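Take a look at the structure below.
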Amino acid sequence: MKSLLACAAMLTMLALPAQAKPVRVAAAEDGGAAAMVSRFRASHGLGPVRIDPALTRAAREQAHAMASAGVLSHDVGGAFSSRMNAAGLGYVPTAENVGAGHRSLQAAIASWERSPGHQANLLMSSATRIGVARVDAPGKPYGVYWAMVLAADSGSGRAASGGGGFIPIILPFGIGFIATR
């Protein structure tokens, strides 16, 4: 009887869906991210950015959604515009970079700096704040998922634009997407 119960328990464990694998939200060295992005922006004549808790939460939710699903996508956590509105950003200029497979914050940011679309987001002239998140997902296709949200200050709003979009970018050390609205 004991062996029958043990066998049933093993079969139940094997039947768990792939999404049940744990994901771990890792600290993205927030201050380090702001410093790295600010240095890159300064080299292009732009002002610094600072870490924003609301943007960090939005980035964390997107990175977690990608890691849970095992995909690299701007839409897996919901439409970018909807997610930014839910984060309380209204219609301030915002942008998002996502990536996967990068084992360090430095590698993720360096890949975005080399990608024309991601670079455009990093160099968004009105950006003053960012949020960055890394989620580790052992057993998922990329293993590590990143999201960065950049935004202007609340007082620099603009009229709503229709939709926004994203562009996939294949990089030497991972895949990334850019999104703007």
How large is ³J(HN,Hα) for each residue in segment 46-59, as worked out from phi by the Karplus curve 6.51 cos²θ - 1.76 cosθ + 1.60 (θ = phi - 60°), to whole Hz, x for Gly and Pro?
10, x, x, 10, 10, 6, 10, x, 5, 5, 5, 4, 4, 5
Placed amide H near G90: partners under 5 Å, 5+ positions off or other chain:
none
For V144, enumerate residues with amide H under 5 Å from its amide H, sequence gap 5+ or separate chain, H modeled in the peptide plane.
G101, A137
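Please compute the per residue accessible area over segment 28-70 with all protein chains in place, 1.4 Å probe, rounded to a whole number of Å². Display every interim value, and only then the final one.
Numbers: 1900 Å² over 43 residues.
The answer is 44 Å² per residue.
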Phi angles of segment 85-101, converted by Karplus (6.51 cos²θ - 1.76 cosθ + 1.60, θ = phi - 60°) into ³J(HN,Hα) in whole Hz with x for Gly and Pro, give 5, 5, 7, x, 8, x, 10, 6, x, 9, 8, 9, 10, 10, x, 8, x
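Please report, as a whole percent, how much of the solvent-accessible surface of segment 51-98 comes from carbon and sulfur atoms (probe radius 1.4 Å). Can you show the working numbers first?
Working: 920 of 1690 Å².
C and S atoms contribute 55 percent here.
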Collect residues whose amide H, placed 1.01 Å from N in the peptide plane, falls under 5 Å from the amide H of I51; neighbours closer than 5 in sequence don't count.
I130
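Once you order the gyration tensor axes a ≥ b ≥ c over the Cα atoms, which shape class does segment 47-114 get: rounded for a/c under 1.5, otherwise prolate or oblate by comparing a/b with b/c?
It is oblate, given that a/c is not under 1.5 and a/b is not larger than b/c.
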Rough spin-label spacing in nm, given labels placed 7 Å along Cα→Cβ, for Q106 and D136:
1.8
Mind listing the phi-derived Karplus ³J(HN,Hα) values for segment 60-66, rounded to whole Hz, using 6.51, -1.76 and 1.60 with θ = phi - 60°, and x for any glycine or proline?
4, 4, 5, 4, 5, 4, 5
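The values are calculated or read from the model by the stated rules, or taken from the named source; none is laboratory data. Owing to the predicted nature of the structure, the values given are computational and were not obtained by experimental measurement. All Cβ positions, even for glycine, are placed from backbone atoms using ideal geometry, and neighbour counts span all protein chains on display. In case anyone asks, the SASA skips ligands and DNA or RNA and just uses the protein heavy atoms, side chains included. Shrake-Rupley method; radii C 1.70, N 1.55, O 1.52, S 1.80 Å.
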